[in-house]
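Student: Okay, handing you the structure first.
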Amino acid sequence: MSILQVASFAAGQWIAPNASARQIDCAITGAPFAQAGNDMLNVQAMLDHARTKGGPALRQMTFHDRARLLKALALHLRAHRQALYDLSFHTGATQTDHLIDIDGGIGTMLVYASKGRREMPDSTVYPDGDPEQLSRNGSFLGQHICTPLQGVAVHINAFNFPVWGMLEKLAPTLLAGVPAIVKPATSSCYVTEHCVRLMLDSGLLPDGALQLVSGGLGDMLDHLTCQDAVSFTGSANTALKLRATPAILQNAVRFTAEADSLNASILGPDATPGTPEFDLFITEATQEITTKAGQKCTAIRRILAPESHIEAVGEALRQRLSNIKIGDPRAKETQMGALVSGAQKADVLAKAALLATECDTLLDTSDALNDAKGAFVAPMLFHCTSPDTAIHAHETEAFGPVSTLMGFRDIDHAIALANKGQGSLVTSLITHDTEVARHIALGCAAFNGRIYINNRDSMAEATGHGAPLPHMTHGGPGRAGGGEELGGIRAVTHYMQRTAIQGSPDMLSSITGKWLPGTTQEQAPAHPFTRRFGELQIGETLHTPSREVTLEDVEHFAHFTGDTFYAHMDEAAAARNPFFPGRVAHGYLLLSFAAGLFVEPNEGPVLANTGLDALRFMKPVVPGDSIKVALTVKQKTIRNEDYGEVRWHVHLSNQDDDAVAEYELLTMVAF
Ligand code: NAP
């Protein structure tokens, strides 16, 4: 079989490996399979290409344009995923593993495509939080905004997720408007290379938005500036080395690290053998030890159970793990494939030998696989009988199907042991006891990026201890690298600069594209409900006439709706209430009257009222008061080709111009 030549994509050109290329073996057969690397790669030209071509092209697009781009890319990858599956078998991964890596990566991209359109504006500026009033009368405000970095994101990935590892970083980066140079780990880079080819061949990406380094990165990191960012996933040792690059330190280049993690899973004291939680604990631990042959940063390395149940847990795990079918990942019956390489196998066996020096071995049948040519190892289970003094059990990450069981006396002891991981990506807890959950979650939260709690109530739908979700932060303190990825739109802002903008409401409104309190309100040229989405201008306002609110109105509304709360019906009781001078109008009556004042009844471009946000009643309205409304276009968001969402600021005031209520009204308006 010919050796696969894994190319790099640099400054618009595919560059084949040269004599410096590294050899990559097939994980299943151990035979040479591919080669990657070219030491003549012009890294400065790549950085320039990203900064001068990719960045400007992406920054011209709005968040919604970029979200649509992500969706199209994800759908294109999904249509061609079989080719990725076929290649990925050679990394030792099974079809179930592909669903996590390949389908999981595509799914992550789709989540960002959807979140980008739902949670970000159709503009190039992302307002972060609400405006801050910095002056007494509101003529000087502050607003945080995020804008894309004007450099390039260098993504350095670990070998275990050649597709997800790339896409989970790429999706938020492109959504932010920043070009990326991806550098996959060499041992599985042929899968990433094919995925990059698919994306580039789709013709969807602007020139310079995505480049690829297969093999060594050369001295690229020495050329980074404060407008660049490095997102690294891999071992703590490599993270330490790269983060200490002088240019990264001197130029304060953003450096995010996702590194080793000795994640724990804790069995609650209530989850005795025979309970659904006990079985669930065994199932989750088995899955985490065997999925991707244990080559998962989130895998359970430390299994913590009450001392009284250690034997039962050990026996149940031994039985489940001994029955795992190990073999060629392409075979349907195979449940666990190979490690990525012979080198990885040697590393795992060496680390397991270290664990064996301080733990009892409960299961290790790897000798039976010694004749196999590929990088196969069997699940290994250790029992640490002195978890308070053990070192390797809490510090040595055997990045394969290896886990250590340890007993705890009580939940405070469980917390202390879990936290001996010195910073983890995730700790899971299987319990049906809310007090145990609260105690352990609060005791472990500072040492973890994620805490996963599961029991009989959630197990049918729970997403699994080891699954980082695009919606939730992935990363962890200390040993886990101290970085954060994913977590919804938070990940997008990692590739943007947050800037505090200070100025008058008109200035801030013009920069954010959003109406802010105090911005000049332009009189609408016609009733805004008669104007189409494209015609409505931010800040245009309808001022309605006044309407008196009478006692008859209040009584009619009370009897009509059934809301005869004493504050509306009983003068003496209402007056005893510290909030009211006497009987007051219902807040909901005011909202209804407001709608009566501002709606235009005829069929027109306003299609539907989809909700209210941020409703506040500021001053009671008593019978005899009158109210009027100022209805202002606050923000416009395109939803599809037919209509968009218009967010209106609605301000109700009384005859003295005192504010009585405020809210945001959401409507869908036709183009
Ligand atoms: P690794 O050996 O540290 O390599 C990680 C990446 O760094 C690879 O792309 C590697 O490229 C690159 N690299 C190494 N030296 C470099 C240098 N001098 N300059 C530039 N790049 C360099 O880790 P790995 O073996 O691929 O992955 C396994 C480790 O990753 C485990 O420890 C695991 O816990 C961790 N991991 C963490 C997460 C997480 O999210 N926290 C996820 C997955 C894996 P080459 O392959 O070309 O050397």
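Student: Kindly indicate the residue of the stretch 251-277 that is under 17 Å from D410 (Cα atoms) and of a type in the set (V, I, T) and also farthest from the chain's Cα centre (by Cα) among those meeting that condition.
Tutor: Within the stretch 251-277, the match that is farthest from the chain's Cα centre (by Cα) is T272.
Student: Then there is this: So which residues in the stretch 357-388 are assigned to a helix (DSSP H, G or I) and more than 20 Å from G92 (Cα to Cα), if there are any at all?
Tutor: First pass over the stretch 357-388, keeping only residues assigned to a helix (DSSP H, G or I): 357-358, 366-369.
Listed by number, the residues that qualify are T357, E358.
Student: Further question: Check the stretch 610-627 and report whether any residue there is within 27 Å of L508 (Cα to Cα), part of a loop (DSSP other than H, G, I, E, B), modelled with pLDDT under 95 and not small (G, A, S).
Tutor: no
Student: In addition: Just to verify a result, which residue in the stretch 489-510, among those that are surrounded by fewer than 17 Cβ atoms within 10 Å (Cβ to Cβ) and not in a helix (DSSP H, G or I), is farthest from the ligand (Cβ to nearest atom)?
Tutor: Here the answer is G503.
Student: Is the stretch 147-161 home to any residue that is more than 16 Å from the ligand (Cβ to nearest atom) and in a strand (DSSP E or B)? Show your work before the answer.
Tutor: Here is the first cut: in the stretch 147-161, the residues more than 16 Å from the ligand (Cβ to nearest atom) are 147-151.
Narrowing the set further to residues that are in a strand (DSSP E or B) leaves 147-148.
Yes.
Student: Taking L212 as the residue in question, decide whether it is more than 27 Å from L425 (Cα to Cα), touching a residue at least 40 places away in the same chain (Cβ under 8 Å), more than 10 Å from the ligand (Cβ to nearest atom) and touching a Cys at 6+ places or on another chain (Cβ under 9 Å). Show your work before the answer.
Tutor: Numbers: more than 27 Å from L425 (Cα to Cα): yes; touching a residue at least 40 places away in the same chain (Cβ under 8 Å): yes; more than 10 Å from the ligand (Cβ to nearest atom): yes; touching a Cys at 6+ places or on another chain (Cβ under 9 Å): yes.
For L212, the condition - more than 27 Å from L425 (Cα to Cα), touching a residue at least 40 places away in the same chain (Cβ under 8 Å), more than 10 Å from the ligand (Cβ to nearest atom) and touching a Cys at 6+ places or on another chain (Cβ under 9 Å) - is met.
Student: Further question on the same structure: Of a type in the set (G, A, S), assigned to a helix (DSSP H, G or I) and in contact with a Phe, Trp or Tyr (Cβ under 8 Å, 6 or more places away or on another chain) - does that describe any residue in the stretch 61-68? Break it down stepwise before answering.
Tutor: Initial filter on the stretch 61-68 (of a type in the set (G, A, S)): 67.
When the remaining residues are screened for being assigned to a helix (DSSP H, G or I), the result is 67.
Okay, now just the ones that are also in contact with a Phe, Trp or Tyr (Cβ under 8 Å, 6 or more places away or on another chain), so 67.
Within the stretch 61-68, one or more residues are of a type in the set (G, A, S), assigned to a helix (DSSP H, G or I) and in contact with a Phe, Trp or Tyr (Cβ under 8 Å, 6 or more places away or on another chain).
Student: Does A264 satisfy the condition of being within 13 Å of the ligand (Cβ to nearest atom), in contact with a Gly (Cβ under 8 Å, 6 or more places away or on another chain), outside any loop (DSSP other than H, G, I, E, B) and of a type outside the set (D, E)? Full working, then the answer.
Tutor: Working: within 13 Å of the ligand (Cβ to nearest atom): no; in contact with a Gly (Cβ under 8 Å, 6 or more places away or on another chain): yes; outside any loop (DSSP other than H, G, I, E, B): yes; of a type outside the set (D, E): yes.
No.
Student: Where residues in the stretch 452-482 are away from the ligand (no atom under 16 Å from the Cβ) and buried (at least 18 other Cβ atoms within 10 Å of the Cβ), which of them is nearest to the chain's Cα centre (by Cα)?
Tutor: Selected residue: I453.
Student: Here's something else I'd like to know. Check off (1) free of Cβ contacts under 8 Å to residues at least 60 places away in the same chain; (2) of a type outside the set (D, E); (3) farther than 23 Å from A293 by Cβ for V111 and give me the number that stays unchecked.
Tutor: Checking V111 against (1) free of Cβ contacts under 8 Å to residues at least 60 places away in the same chain; (2) of a type outside the set (D, E); (3) farther than 23 Å from A293 by Cβ, the one that fails is (1).
Student: Could you list, in sequence order, the residues of the stretch 302-329 that are in contact (Cβ under 8 Å) with a residue 60 or more places away in the chain, in contact with a Phe, Trp or Tyr (Cβ under 7 Å, 6 or more places away or on another chain) and either outside the structural domain of T361 (by TED's automatic domain parsing) or under 17 Å from T291 (Cβ atoms) (or both)?
Tutor: Correct list: P329 only.
Student: Surrounded by fewer than 17 Cβ atoms within 10 Å (Cβ to Cβ) and out of contact with any Ser or Thr (no Cβ under 9 Å at 6 or more places or on another chain), is that true of A595?
Tutor: Working: surrounded by fewer than 17 Cβ atoms within 10 Å (Cβ to Cβ): yes; out of contact with any Ser or Thr (no Cβ under 9 Å at 6 or more places or on another chain): yes.
Judged against the criteria, A595 is a match.
Student: Related question: Does the stretch 543-558 include one or more residues that are assigned to a loop (DSSP other than H, G, I, E, B), under 30 Å from P127 (Cβ atoms) and within 45 Å of the chain's Cα centre (by Cα)? Steps first, answer last, please.
Tutor: So in the stretch 543-558, the residues assigned to a loop (DSSP other than H, G, I, E, B) come out as 544-546, 549-550.
Filter once more, so that each one left must be under 30 Å from P127 (Cβ atoms): 544.
From what's left, within 45 Å of the chain's Cα centre (by Cα): 544.
Yes - at least one qualifying residue is present in the stretch 543-558.
Student: Right, something else. Pick out, from the stretch 78-145, the helices (runs of 4 or more DSSP H) lying fully within it that include 1 or more residues that are more than 17 Å from A171 (Cβ to Cβ).
Tutor: Working: elements: 81-88, 95-98, 104-119.
Correct list: 81-88, 95-98.
Per-residue answers, yes or no, for (1) buried (at least 23 other Cβ atoms within 10 Å of the Cβ); (2) assigned to a loop (DSSP other than H, G, I, E, B); (3) modelled with pLDDT of 95 or more:
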site: T298; (1), (2), (3): yes, yes, yes
site: R302; (1), (2), (3): yes, no, yes
site: H309; (1), (2), (3): no, no, yes
site: G314; (1), (2), (3): no, no, yes
site: I324; (1), (2), (3): no, yes, no
site: E333; (1), (2), (3): no, yes, no
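Student: In the stretch 389-406, how many residues are outside any loop (DSSP other than H, G, I, E, B) and either of a type in the set (V, I, T) or crowded, with 24+ Cβ neighbours inside 10 Å (or both)?
Tutor: So the first thing to find is which residues in the stretch 389-406 are outside any loop (DSSP other than H, G, I, E, B), and the list is 392-395, 402-406.
Okay, now just the ones that are also either of a type in the set (V, I, T) or crowded, with 24+ Cβ neighbours inside 10 Å (or both), so 393, 402-406.
Number satisfying all stated conditions: 6.
Student: Give the residues of the stretch 409-432 that are part of a loop (DSSP other than H, G, I, E, B) and either in contact with a helix residue (DSSP H, G or I) (Cβ under 9 Å, 6 or more places away or on another chain) or closer than 26 Å to T108 by Cα (or both), sorted by residue number. Quick ask: steps written out before the conclusion?
Tutor: Initially, the stretch 409-432 is screened for residues part of a loop (DSSP other than H, G, I, E, B), giving 409-410, 420-423, 431-432.
R409, K420, G421, Q422, G423, T431, H432 - these are the residues of the stretch 409-432 that are part of a loop (DSSP other than H, G, I, E, B) and either in contact with a helix residue (DSSP H, G or I) (Cβ under 9 Å, 6 or more places away or on another chain) or closer than 26 Å to T108 by Cα (or both).
Student: Out of curiosity, is T290 more than 13 Å from the ligand (Cβ to nearest atom) and out of contact with any helix residue (DSSP H, G or I) (no Cβ under 6 Å at 6 or more places or on another chain)?
Tutor: Details: more than 13 Å from the ligand (Cβ to nearest atom): yes; out of contact with any helix residue (DSSP H, G or I) (no Cβ under 6 Å at 6 or more places or on another chain): yes.
It is true that T290 is more than 13 Å from the ligand (Cβ to nearest atom) and out of contact with any helix residue (DSSP H, G or I) (no Cβ under 6 Å at 6 or more places or on another chain).
Student: Please tell me if M40 is of a type outside the set (S, T, N, Q), within 16 Å of the ligand (Cβ to nearest atom) and either closer than 24 Å to P172 by Cβ or exposed (fewer than 15 other Cβ atoms within 10 Å of the Cβ) (or both).
Tutor: Criteria not met by M40.
Student: From the list L280, L205, L200, which residue is touching a residue at least 60 places away in the same chain (Cβ under 8 Å) and in a loop (DSSP other than H, G, I, E, B)?
Tutor: After applying the criteria, what remains is L205.
Student: Which is assigned by TED's automatic domain parsing to the domain that holds A72 and within 9 Å of the ligand (Cβ to nearest atom), of A180, A239, A244?
Tutor: Values: A180 fails: within 9 Å of the ligand (Cβ to nearest atom); A244 fails: within 9 Å of the ligand (Cβ to nearest atom).
On inspection, the qualifying residue turns out to be A239.
The values are calculated or read from the model by the stated rules, or taken from the named source; none is laboratory data. All of these numbers come straight from a predicted model, not from anything done at the bench. Every residue, glycine as well, gets a Cβ built from its backbone with ideal geometry; the counts of neighbours run over all protein chains shown.
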